[in-house]
Amino acid sequence: MSRIASTFAALQKNQRKALIPFITAGYPYPDITPELMHGMVAAGSDVIELGVPFSDPSADGPVIQAAGDKALAAGIGLRQVLEMVRIFRQKNSATPVVLMGYANPIERYDQLHQASGPNAFARDAAAAGVDGVLVVDYPPEECEAFAAALKQHGLDLIFLLAPTSTDERMAQVARVASGYVYYVSLKGVTGAGTLDTAAVEAMLPRIRQHVKVPVGVGFGIRDAASAKAVGRVADAVVIGSRIIQLIDPLPRAQVVTVASDFLREIRQALDS
């Protein structure tokens, strides 16, 4: 059983919901990410989504785009992100880590490392301690080979579903998805719009007719109240843009404390 599956199984047994924070790797300071990850775990996070900076993101709103641009300017690429996971794993062997990003950096990584064998990304990600991968621009019908490579190395492939997803699309995702699926609660990019919890509540039974892995919900969750509302119906709550906003203007010494305090409030709300 993968780390992601065992984490969700333990949460379900204890009737708790997963808290999944998203941060951009290498932001707001290039070397702070492993420390920030540890702080988020201490605050009650169950899975960490680590954003791989990319120059042309299609799903990221202005907040996460700006964080990615700053990380790229500091020289953070996929190789550096894998090293951050390795450092995190020196002290934490239990918390699942999911890389979230786009196809271009992964395919470029495989090209640059093809001399060491095929599927270099899947191999190196597993060796670093990554548990799952969410590639925004890999639809299920076009990534069967990638899914097989990840599975060979024990990695879960996580997909997005949206309010516009058809039953056919949900069935396609269900055939290849593992770990969990990420339901995007809003039409638009990260950080956009206002969360409609009633719409989320209406959509999840449709998703679960097809998808048997846990369902996390993200986009638009900004505080304890919205997290608690989503947590009543979803298996996991994903928060990203709000964390980036909170830590954006801070001096280094305050970043981990502020992010951890915020997530501790979310954890308490989910458990109440």
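The values are calculated or read from the model by the stated rules, or taken from the named source; none is laboratory data. Since the structure is predicted, the reported quantities are computational estimates derived from the model, not experimental observations. Using ideal geometry, Cβ is built from the backbone for each residue, glycine included, and neighbour counts are taken over all protein chains shown.
Couple of notes before you dig in:
- All helices (runs of 4 or more DSSP H) inside the stretch 219-272 with 1 or more residues being of a type in the set (Phe, Trp, Tyr) and touching a residue at least 12 places away in the same chain (Cβ under 8 Å): 252-271
- All of GLY39, GLY51 fail the test of being at pLDDT 95 or above, closer than 19 Å to GLY132 by Cα and buried (at least 16 other Cβ atoms within 10 Å of the Cβ), apart from GLY51.
- Checking each residue in the stretch 25-76 for being of a type in the set (Phe, Trp, Tyr) and touching a Gly at 6+ places or on another chain (Cβ under 7 Å) picks out only PHE54.
- Selection count where residues are among the charged types (D, E, K, R), within 18 Å of VAL173 (Cβ to Cβ) and over 15 Å from the mean Cα position of the chain (by Cα), scope the stretch 95-147: 3
- Of all the numbered requirements in (1) at pLDDT below 90; (2) in a helix (DSSP H, G or I); (3) small (Gly, Ala, Ser), ALA125 misses one, and that requirement is (1).
- Count of the stretch 61-77 residues which are in contact with a helix residue (DSSP H, G or I) (Cβ under 8 Å, 6 or more places away or on another chain) and over 17 Å from LEU246 (Cα atoms): 1
- Candidate set: the stretch 198-228, residues that are surrounded by fewer than 19 Cβ atoms within 10 Å (Cβ to Cβ) and of a type in the set (Gly, Ala, Ser); chosen: the one farthest from TYR27 (Cα to Cα): ALA202
- Pick from the stretch 229-244, criterion surrounded by fewer than 21 Cβ atoms within 10 Å (Cβ to Cβ) and out of contact with any Lys or Arg (no Cβ under 9 Å at 6 or more places or on another chain), ranking: farthest from ASP196 (Cα to Cα): VAL233
- Applying the condition of being more than 16 Å from the chain's Cα centre (by Cα) and outside any helix (DSSP H, G or I) to the stretch 3-21 and asking which residue is farthest from ALA236 (Cα to Cα) yields ASN14.
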